[in-house]
Amino acid sequence: MKEPSAERGWHERAWQTASKPDTIRRAIYIIGALPAAWVFYRGFTDQLGADPIRTLEKTLGIWALRFLVVGLTITPLKRLGGPNWVRYRRAIGLLAFFYAALHLYAYLWFDQNLDFAAIWKDILKRPYVTIGFAAFVILVPLAITSNNSMIRKLGGPNWNRLHKGVYAACALAAIHFIMLRKAWPPEPLIYAGLITILLAFRLYVYLQKRTQRARRAA
């Protein structure tokens with residue numbers, strides 16, 4: 001089976017080495033889970049302020065967005081001569097999904113009390129909820145297939161094509177964050193700007209490669 005190329009998927013050749021003991025990967029998962037543990041601890045001890053549910057939802061959502069941005073940064077950083085963290089991109093992506101799932105859980109359980117009629121109405125009525133839910137739906141198959149068995153079963157090229165969906169998820173997550181805020185504070189705009197730059201970099205690389213292929217074929 002052809003190996004995933006350096007530009008594709010969340011973690012390219014990581015499936016070849018992911019089964020090996022990896023202290024750094026374990027550390028990423030443990031350290032990455034600490035913000036969730038801390039915010040839930042603060043929630044259980046009544047330290048989340050006047051609107052604890054909103055604070056919980058926002059904190060978990062921001063951490064999901066942060067890990068999405070970190071995951072997008074890995075390939076450009078490598079191409080620009082920085083460290084090669086490609087083998088850890090799957091861990092970063094799974095942490096992003098972990099926080100997105102907790103963010104959704106907080107909304108469904110604490111905010112809506114699992115009232116599915118109200119949840120469905122909210123999805124149809126509020127565009128930012130619709131967009132956020134769409135972003136999560138895109139992340140679900142990416143998380144499910146982020147294991148060695150699925151990479152081998154799908155094949156490298158198919159798996160890579162599927163995982164390009166993370167680009168759409170990132171864009172939707174940024175839009176979701178902006179629409180949550182009624183004003184125009186800098187924080188969501190900074191995340192949107194970072195995601196735009198990182199996606200533009202990938203588009204530039206893609207167009208450059210396509211031009212080079214066309215020249216060679218001419």
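FYI, it's all coordinate maths here, none of it is from the lab. Just so you know, these numbers come straight off a predicted model, no measurement behind them. Here the Cβ positions follow ideal geometry from the backbone for every residue, glycine too, while neighbour counts run over all protein chains shown.
Pick from PHE136, PHE116, PHE98 the residue whose mean-square fluctuation is largest in a GNM of the chain, springs joining Cα atoms under 10 Å. Ranking PHE136, PHE116, PHE98 by mean-square fluctuation puts PHE116 first. Three principal axis extents describe the C-alpha atoms of the range 104-218; from largest down they are 59, 39, 21 Å.
Ranked from highest to lowest mean number of other Cβ atoms within 10 Å per residue, what is the order of the peptides 150-162, 65-77?
Working: 150-162: 15.6, 65-77: 21.5.
The most tightly packed comes first, giving 65-77, 150-162.
For a test of the definition: using alpha carbon positions, the gyration tensor, and the 1.5 limit on a/c, classify the range 66-172 as rounded, prolate or oblate. Working shown, then result.
Values: a/c = 2.40, a/b = 1.90, b/c = 1.26.
Prolate shape, in that a/c is at least 1.5 and a/b is the bigger ratio.
Could you estimate the translational diffusion coefficient of the chain from the Stokes-Einstein equation, with Rh from the Kirkwood formula over C-alpha pairs, at 4 °C and 1.567 mPa s, in whole µm²/s?
Values: Rh = 18.7 Å.
So the translational diffusion coefficient is about 69 µm²/s.
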